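Accompanying notes for the structure given below.
Every read-out reported here was derived from the displayed coordinates using simple, explicitly stated rules and does not represent laboratory data. Source: prediction; values computed, not measured. As a convention, Cβ positions derive from the backbone with ideal geometry for all residues, glycine included, and neighbour counts pool all protein chains shown.
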Amino acid sequence: MTTFKFATFNLHHGKQKNVRYSTKRLCEDVASLNADIICIQEADFAAVRTFFRNQPNAIAKHLGFDFRSSYVRFFGVGCQYNAIIS
């Protein structure tokens, strides 16, 4: 039987308390989970606060995975998505 490791969490756009946002650090942190399937909520796309990055795409590329995302909302300076990365 094949087993898979799942991870799901609210990304909260990758914000860490008292730490400047870094796409590289975000990708490395997600990679450290060593999950086969990752479900994230509140991922940013084209937002000022995350330097206009497409977070689901950046994470998927870093891991060598594919992703599918679903639009959640526009908040004035970017959009938020939910995504499955595998």
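For the stretch 63-70, the Karplus equation 6.51 cos²θ - 1.76 cosθ + 1.60, evaluated at θ = phi - 60°, returns couplings of 8, x, 10, 9, 8, 9, 10, 10 Hz by residue, with Gly and Pro reported as x.
DSSP beta bridges fully contained in the chain are about 75 percent antiparallel.
For the chain, averaging the sequence separation of C-alpha pairs within contact (under 8 Å, six or more residues apart) and dividing by the residue count gives a relative contact order of 30 percent.
Residues with beta-carbon under 15 Å from that of V19, excluding V19: net charge, scoring Lys, Arg +1 and Asp, Glu -1?
On the way: positive: K15, K17, R20, K24, R25, R49; negative: E28, D29.
With Lys, Arg at +1 and Asp, Glu at -1, the neighbours total +4.
Ratio of Rg to Rh for the chain: 0.97 [Cα atoms; Kirkwood radius as inverse mean 1/r over pairs]. Available extension along the chain between R20 and F52 is 10.0 nm, counting 0.36 nm per residue and deducting the alpha carbon span.
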